1. Mind checking which of B:Met240, A:Val144, B:Leu353 is farthest towards the positive end of the protein assembly as shown's charge dipole, using Cβ charges of +1 (Lys, Arg) and -1 (Asp, Glu) about the Cα centre?
2. Highest GNM mean-square fluctuation, chain A, Cα pairs closer than 10 Å: which of A:Glu116, A:Glu360, A:Glu303?
3. Enter the mean number of other protein chain beta carbons within 10 Å of the beta carbon of each residue in B:227-237, as an integer.
4. Using unit Cβ charges (K, R positive; D, E negative) and no other charged atoms, how large, in debye to the nearest 20, is the dipole of chain B about its Cα centre?
5. Region B:137-167 to region A:147-221: how many Å between their Cα centroids?
6. May I ask you to evaluate 6.51 cos²θ - 1.76 cosθ + 1.60, the Karplus curve with θ = phi - 60°, for each residue of region A:124-130 and list the ³J(HN,Hα) values in order in whole Hz, giving x for glycine and proline?
7. Over region B:1-131, with every protein chain in place, what whole percent of the accessible area is carbon and sulfur at 1.4 Å, could you tell me?
8. Which residues belonging to region B:192-210 lose at least 40 Å² of 1.4 Å-probe accessible area when the assembly is complete, relative to their chain isolated?
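The values are calculated or read from the model by the stated rules, or taken from the named source; none is laboratory data. Remember, it's a predicted structure, so these values are computed and weren't measured experimentally. All Cβ positions, even for glycine, are placed from backbone atoms using ideal geometry, and neighbour counts span all protein chains on display. The accessibility values were calculated without ligands, DNA or RNA, using every heavy atom of the protein model including side chains. Shrake-Rupley method; radii C 1.70, N 1.55, O 1.52, S 1.80 Å.
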2 protein chains.
Amino acid sequence: MKQVYLDHGATTPVNPDVAAAMIACLQDHFGNPSSLHGFGRDAKQFLDEARTNVAALIGAHPEEIIFTSGGTEADNMAILGVARAMRKKGNHVITSAVEHHAVLDTCLALQKEGFEITVLPVDAYGQVHIDDFERALREETVLVTIMHANNEVGTIQPIKEIARMAKAKGIIVHTDAVQSVGKIPVDVNELGVDLLSVSAHKIYGPKGIGCLYVRKGTKMLPLMYGGGQERQRRPGTENMPGIVGFGVAAAIAARELPAEMDRLTKLRDRLIAGLLALPAVRLNGHPTERVSINVNACFHYIEGEALLLALDMRGIAASSGSACSAGSMDPSYVLLAMGIPPEIARGSLRLTLGRGTTAEQIDYVLGVIAEITEKLRAMSPLYNPNKG
Amino acid sequence: MKQVYLDHGATTPVNPDVAAAMIACLQDHFGNPSSLHGFGRDAKQFLDEARTNVAALIGAHPEEIIFTSGGTEADNMAILGVARAMRKKGNHVITSAVEHHAVLDTCLALQKEGFEITVLPVDAYGQVHIDDFERALREETVLVTIMHANNEVGTIQPIKEIARMAKAKGIIVHTDAVQSVGKIPVDVNELGVDLLSVSAHKIYGPKGIGCLYVRKGTKMLPLMYGGGQERQRRPGTENMPGIVGFGVAAAIAARELPAEMDRLTKLRDRLIAGLLALPAVRLNGHPTERVSINVNACFHYIEGEALLLALDMRGIAASSGSACSAGSMDPSYVLLAMGIPPEIARGSLRLTLGRGTTAEQIDYVLGVIAEITEKLRAMSPLYNPNKG
């Protein structure tokens, strides 16, 4: 059976060069980079090289990169670390309604510690409005955490404007860039943020590794305690195979980004046009201010899970939203925040493109979706083709 | 040049079968185990299999295994998670003076949060005394965290007795078993502990992955917030290559433990006997109640760093103590806690054996150490051979 993977927002295949570098690390360079002997110095070189490559991808200095176990740890470290360190200055944190759970749930945890959280609304495209942000700013605001691109609908947030306004008031700015790095140009200085989370497995690197960019001079408490690794900010023996793989993935992402972004944007728009030509479909998210890999649509009168299952049986891997919320029967909180009614939000489908995606695959998937949705609607008691 | 790696306490070479399983995971099974489609279900099978193997190594149920980014995160999760969850019941935690920094520094962090910490002393062999422990117990004691085997001197602690006494009073017991798992039989029910930390890279698995055993019903707060992975206890997309490698490493460790423990104990004792036959050497740690891989000795009138450097130049990888404290000029706090004077503690050398270690290597290393120590002492103004 033909296999089409359109769930690159959940995770990406590991690039063969990434895998090769990790294999070499596993087989020939097993030293602990903290060890002073030759095996340790050998490992330390690989650690330094990876850090340089990851820093270069986002325009940072290598010493501003703290390797973490992934995007979730990076988000937690940024939010809990800064808020707890700044508590004496103020207890107010601003976030948005469409953040990943790694941000939203961490903000809820801060609330239990006595912080006040403002959750900014979004418009019908999933975007935060800068005037809402301005109104939310308080004397006690110490941290803003708003994602760069949304994981479900791909909408890009006005981080540069948010950061400029926040920095003018001395507020620390974090952005979860897990879904934007490698898809659109991301430069920490251009964006003006203090902290930025990256995950390797979204850019054809391995799972279990990511990083937090921390601008020099940013005050934060660590999440964990132990050895002096990562400039005392993140203890524990470094995940060397993961870090080496992340470094190679970052170098490839930096090199391929311009051409891939262009290629995928065209494929994305071909997929969107094809879907919108079907009956009773609506596109979720912004028509243009969205990452090149993301398509999210609602199919009226159809349950998302039924659609996913039917696609899976035809060898097409997709999702209804975030993989991290998969299995939940609730409609997406991101779509609800965008004002989409629950009964429509339940029929959402996320198709996320990647390096292996071709025009032929897009056309094949469009054909299968047309066929499946027709069948599913025919079985739906709610559907009346004269009204669709 | 002949290369002899005697720093298995810092990290171990990755077993070829472990590497092969990780390579297959990286190349052919990249799915996100949270995804509902075929790629996700494929990954989920590997996740479940690894969990079963890791659980079996320590006599646990698979659902009691929480994968973490390593031993440090496991220690932090156990200590911070339980103490913070139990705060209303009491604010007293007991640990020992010879714990790894991942435990000691985490207890210090708890102190800043209002907890009282009792740091138990150790005897000249590095062992905690059960009567000291009994005296330290209070009405408000909620957690005991004492390591199973020491990372620097290999001394095994009386965890079973400690756990029995603590459990009788309803106190939660954690042990950092990073240095004992795979070296001596470790069974969570035999030990009677509620929480136990394991690191994969100490048992010929990859760096960046470990686990915390959490006995069913143990109350604890998470360290991080986000997706619902690991039964809501540890969010973030799972480190699949690491977990798969850990699973294979655990299966091999379980299979090879009895024979390896026997073989390494003999080699260890051959190395100890050879060192003690040299002038002005003392063995650190317990003569018999120590893990099979560990030899730690002090060479009077010699700086540990000079000895390490000379060994490194001869291709022999060793350490002065913990790799996590390497680079520090302070004498080992573990040796100081055992009553060894600072000027002697500075001359400490840790040699840790492993699967690749042979009798021939041991004899070679003994010859090199004899030669080097004679030369270094000849250069030392402190040394008088008639007194040595």
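1. A:Val144
2. Looking only at A:Glu116, A:Glu360, A:Glu303, the largest GNM fluctuation is found for A:Glu360.
3. Working: counts 10, 7, 2, 0, 0, 0, 0, 3, 11, 15, 15.
Averaged over the peptide's residues, the number is 6.
4. 380
5. 42
6. Result, ordered by residue: 5, 8, x, 9, 6, 9, 5 Hz.
7. Numbers: 2520 of 4610 Å².
Exposed carbon and sulfur together represent 55 percent of the surface.
8. Those residues are B:Lys207.
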